[in-house]
Amino acid sequence: MSDRPMTESRRAARVLLVAFEDQDNLGVRYLASFLRKHGHQATIVAFGNAAPVIEAAARIDPDIIGFSLIFQYMVPEFRDVIAELRAAGARGHVTIGGHYASFEPAALLAAIPDLDSVVRFEGEETLLDLATALVTGADWHSVPGIAFREDGGKAALTAPRQGTKTLDDYPWPDRDDIRYEEQETPVASILGSRGCPWKCSFCSIITFYDGNGTKGRRRRDPIDVVDEMEHLHRDRGVEILLWQDDDFLGGGRDAIRWAHTVASESIKRGLHHSLRWKISCRSDEAKLSSLAPLVDAGLTHVYLGVESGDANDLRDLNKLLLPDVHLRAGEALRELGLSFDFGFMLLQPWSTLQSVRNNINFLRRFVGDGYTGATFCRMLPYVGTAAEKRLRDEGRLFEHDLRADYLFLDPKLDAFYTWMLDTFACRNFDSGNTLSWLCSLTFDSHLDLPHRPASPSFRAAVQAVTGANNRTAFDILESGLDYVERTAEPGPDDDFLRMLTEIYHDHDARTRSDIESLREMAEGNSHRGTLACAS
Amino acid sequence: MPNIHRTNRQFPDGAQIGATDENIPGTAGSPATFSTDVDFFLPNPGDPAHPLHYRFLFWNVCGTIGNDAHHGNGTVPSTDTVATAWYVPVGVGDGGAAIATFAFWVEHDRVVPDTPIQSVNPAAAWAGGNNTVVSSTAGSGPRMITAKNSVPTATNATFDHWFPLGAGSASAAVLTVAEGGSTWALALYQHHDSGGFRPGKNDPTTKPGPISKFDPSPIDRTRLIDILTKAQTHPAADRLTQVLKKEQSSISADDLRGVAVELKANINRLQSAVELINAKLEGK
């Protein structure tokens, strides 16, 4: 790592970081604070259209412009913005990072001609070395952990970089430009750890950190974590913390003890009175004994990595648990009065008609009561995952415009999926979809802060609306599955499936109307302003 | 304990007149009775010899509209409410042979700028659009003025009844005024939860009477009614009817499956209504 002190001969690099900022983007905010700690200048601008990026580049004249690519499918948009940036006269070194960039640097360099390099895996030290090399005139091509285009156009990788073992050397992420005071109920993201000890086949977190030489989960000093929490709460007015840890409880007993230390220290400092949390964890970690101390400290919402309710699916996903574990987790969360949402892949590459049916039945048992909105989607073969490799080995992966996809083993499921995607786009997939509203209202109805106490009647109303929508979605899914099963060659546009779509859309419109009523009710209860922060 | 905000106001702009402006503690569920003068005078700085003269029009006591100046009656709701005596300056309103209508938002105790008129018979008596005045001479026969079920400004409120401030009689949404007659009439719009001042007695959702001490709040009732209404009017009935109207031999299994799915969606909504009621009965 380049932890060299500044010298008279080295000027500070000017670094412009471009990233999505739906929630605080801690990835680039850690990069910014780390660069500043080492004497460089860092400015963050939100990714969107090219204009703000060009404006910032013209103002700063950056030595490096670093892009954070979160979604593989957005490569063309990044390519266009970078091209406009170059056309506008930006001269700085353009680099890019993120999961896809780390795993497929050659494809990315080929897809984005204006790119100078790719920063692979964790970027703090690599970006610092790159910045330092560029302002000192050193050969940046030897910086470990990057990829670049050789003279012949072929991608070259430098030596891999060993990631730091401890996260406590990193300064807190830079949040100076975030206007928490303008939010009615200020919400901030925070990280207590990086990495995940599990090896789920659909997830690239494990392979990402493997690539960095930092297997498993690295946790920060819990006291320093609570210092950051206290700073956010007392100095910045934050009332809700969204823990961005991939698995807040992952790592066995040590991890539970760590989480409980964070909780007890928070309580000792009195943060639990008016600071609330959201965490992510697995179902087999969502136990009363593990969660109760966190609830005392302010935990109000859990994102649960459920993924499937079918035993064979769970085996394919390498989740290492059975569906009953999810049901028990749901019971524990209800007993603790926590709101939750969850990830769920109704379909995965090795699905069968029976596994989909089992999943629908599971969802009925899990959230048929409307305690939270039921999500369901299809597994996407993300780059760097075991599932992607297995599909590739089976000859089933096809790629188009940097997007990888697959067909199901049973063609009937292809018809089912196409129909499902269309039918439930308004509910599950479109921007501002019905499910996101239901989940946000669920979060909101459980949120209990001194100035906006939770309302049991509001909570009951949200659950009732969510329950009606969930059950109807399950009924429609089941009817669609019945149809494709009994039909020799079903097509997504068959009359019966069209009718089901029409029925769901009608029901969805009525759910939307209910949501409007719930929002008015929330505003009447002074809940306005916190909606959607759980998503 | 709810407060009753007692004022005198000028019709229709709502400007306060006189010094009456006080909050009187009330008890939820108890009757409230107020009295005021039919004629109200204020000093006229511009012409001291001729004081400003106001004539009583109507009361809004806790959401009950009445025209007896000496007996303005209402029932105190659980939240803050009003007792407003509405007056009109004497000399106003002599506009010839016409019927002036006003959409009055009861919960907000004010006239809103929308016309309450949906239609008029004879049609020639009303210019349409947002006109609030009906001629009593154009066309022939009595004027039959039908009120709109809702007006844009009175969000979520619906028409309750006509309240003529002179000639005319009302039946349901129709106000009838004799040809050549001249009068003012209020179309009263009320809703079920204003988030603030909420008269109890005239709230349509309370008319069936309380279910129990755990009676759902007005907004819950509104939602329940909405759920039940939509369920009753859902196209499922049409789909079922359409299927039943088919020749027996042409009804397919998929037809019946479609009806079943749609009815299930209705059942799901009705179940959510039951859950809401149960939650209330359990005191959640």
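The values are calculated or read from the model by the stated rules, or taken from the named source; none is laboratory data. From a predicted model like this one, the values you see are computed outputs, not experimental measurements. Don't worry about glycine lacking a Cβ; one is built from the backbone with ideal geometry, like all the others, and counts go over all protein chains shown.
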Problem - Any chance A:G66 is crowded, with 21+ Cβ neighbours inside 10 Å and touching a residue at least 24 places away in the same chain (Cβ under 8 Å) - result: yes
Handout entry: A:H260 farther than 27 Å from A:K389 by Cβ and either touching a Gly at 6+ places or on another chain (Cβ under 8 Å) or in a loop (DSSP other than H, G, I, E, B) (or both)
Key = no
Exercise for the section: Might you let me know whether the range A:367-389 holds any residue that is among the polar types (S, T, N, Q), touching a Phe, Trp or Tyr at 6+ places or on another chain (Cβ under 9 Å) and surrounded by fewer than 18 Cβ atoms within 10 Å (Cβ to Cβ)? Expected result: no
Practice task
Out of the residues in the range A:39-55 that are outside any strand (DSSP E or B) and surrounded by 21 or more Cβ atoms within 10 Å (Cβ to Cβ), state the one that is nearest to the chain's Cα centre (by Cα).
Solution key: A:F47
Exercise for the section: Check the range A:470-485 and report whether any residue there is closer than 28 Å to A:I240 by Cα and at pLDDT 90 or above. Expected result: yes
Practice task
Please state which one of A:L130, A:L115 is more than 18 Å from A:Q41 (Cβ to Cβ) and of a type in the set (A, V, I, L, M, F, W, C).
Solution key: A:L115
Problem - Residue satisfying all of: in the range A:423-468; among the aliphatic types (A, V, I, L, M) and over 20 Å from A:I240 (Cβ atoms); nearest to the chain's Cα centre (by Cα) among these - result: A:L435
Practice task
Could you tell me whether A:A19 is over 20 Å from the mean Cα position of the chain (by Cα) and of a type in the set (A, V, I, L, M, F, W, C)?
Solution key: no
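The rows are residues; the columns are (1) at the interface with chain B (Cβ under 7 Å from one of its Cβ atoms); (2) under 23 Å from B:L281 (Cα atoms); (3) among the β-branched types (V, I, T).
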{"site": "A:H446", "(1), (2), (3)": "no, yes, no"}
{"site": "A:L449", "(1), (2), (3)": "no, no, no"}
{"site": "A:S455", "(1), (2), (3)": "no, yes, no"}
{"site": "A:A460", "(1), (2), (3)": "yes, yes, no"}
{"site": "A:G467", "(1), (2), (3)": "yes, yes, no"}
{"site": "A:D475", "(1), (2), (3)": "yes, no, no"}
{"site": "A:S479", "(1), (2), (3)": "yes, no, no"}
{"site": "A:D482", "(1), (2), (3)": "no, no, no"}
{"site": "A:R486", "(1), (2), (3)": "no, no, no"}
Practice task
Determine if the range B:50-58 includes at least one residue that is touching a residue at least 60 places away in the same chain (Cβ under 8 Å) and out of contact with any Gly (no Cβ under 6 Å at 6 or more places or on another chain).
Solution key: yes
Problem - Yes/no for A:T185 being in contact with a strand residue (DSSP E or B) (Cβ under 8 Å, 6 or more places away or on another chain) and β-branched (V, I, T) - result: yes
Handout entry: Qualifying residue in the range A:149-156 (condition: of a type in the set (A, V, I, L, M) and buried (at least 20 other Cβ atoms within 10 Å of the Cβ))
Key = no
Problem - Scope the range A:229-252; condition in a helix (DSSP H, G or I) and either buried (at least 20 other Cβ atoms within 10 Å of the Cβ) or over 25 Å from the mean Cα position of the chain (by Cα) (or both); matching residues - result: A:M229, A:L232, A:H233, A:R234, A:D235
Practice task
Specify the residue that is farthest from the chain's Cα centre (by Cα); the eligible residues are those in the range B:99-130 that are surrounded by fewer than 20 Cβ atoms within 10 Å (Cβ to Cβ) and more than 28 Å from B:G63 (Cβ to Cβ).
Solution key: B:A124
Fill in the blank from the handout: In the set B:G283, B:G258, the lone residue that is among the small types (G, A, S) and at pLDDT below 65 is B:G283
Completion exercise
Counting only strands (runs of 3 or more DSSP E) entirely within the range A:141-196, those with at least 3 residues that are more than 30 Å from A:I240 (Cβ to Cβ) are A:146-149, A:155-157
Exercise for the section: Just need a number here: residues in the range A:324-373 that are in a loop (DSSP other than H, G, I, E, B) and among the aromatic types (F, W, Y). Expected result: 2
Exercise for the section: Test each condition in (1) modelled with pLDDT of 85 or more; (2) assigned to a strand (DSSP E or B); (3) among the polar types (S, T, N, Q) for B:T36 and report the one that comes out false. Expected result: (2)
Completion exercise
Filter the range B:66-83 for residues that are surrounded by fewer than 21 Cβ atoms within 10 Å (Cβ to Cβ) and not in a loop (DSSP other than H, G, I, E, B); the one that is modelled with the lowest pLDDT is B:T75
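To keep it simple, each residue is scored yes or no on (1) of a type in the set (A, V, I, L, M, F, W, C); (2) modelled with pLDDT under 95; (3) on the phi > 0 side of the Ramachandran plot.
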| residue | (1), (2), (3) |
| --- | --- |
| A:E335 | no, no, no |
| A:M345 | yes, no, no |
| A:N361 | no, no, no |
| A:R365 | no, no, no |
| A:C377 | yes, yes, no |
| A:P381 | no, yes, no |
| A:A387 | yes, no, no |
| A:R396 | no, no, no |
Practice task
Considering (1) within 30 Å of A:G211 (Cα to Cα); (2) in a loop (DSSP other than H, G, I, E, B), say which one A:L391 fails and leave the rest.
Solution key: (2)
Completion exercise
Okay, helices (runs of 4 or more DSSP H) sitting entirely in the range A:394-496 with 3 or more residues that are under 26 Å from A:D316 (Cα atoms), I get A:411-423, A:456-486
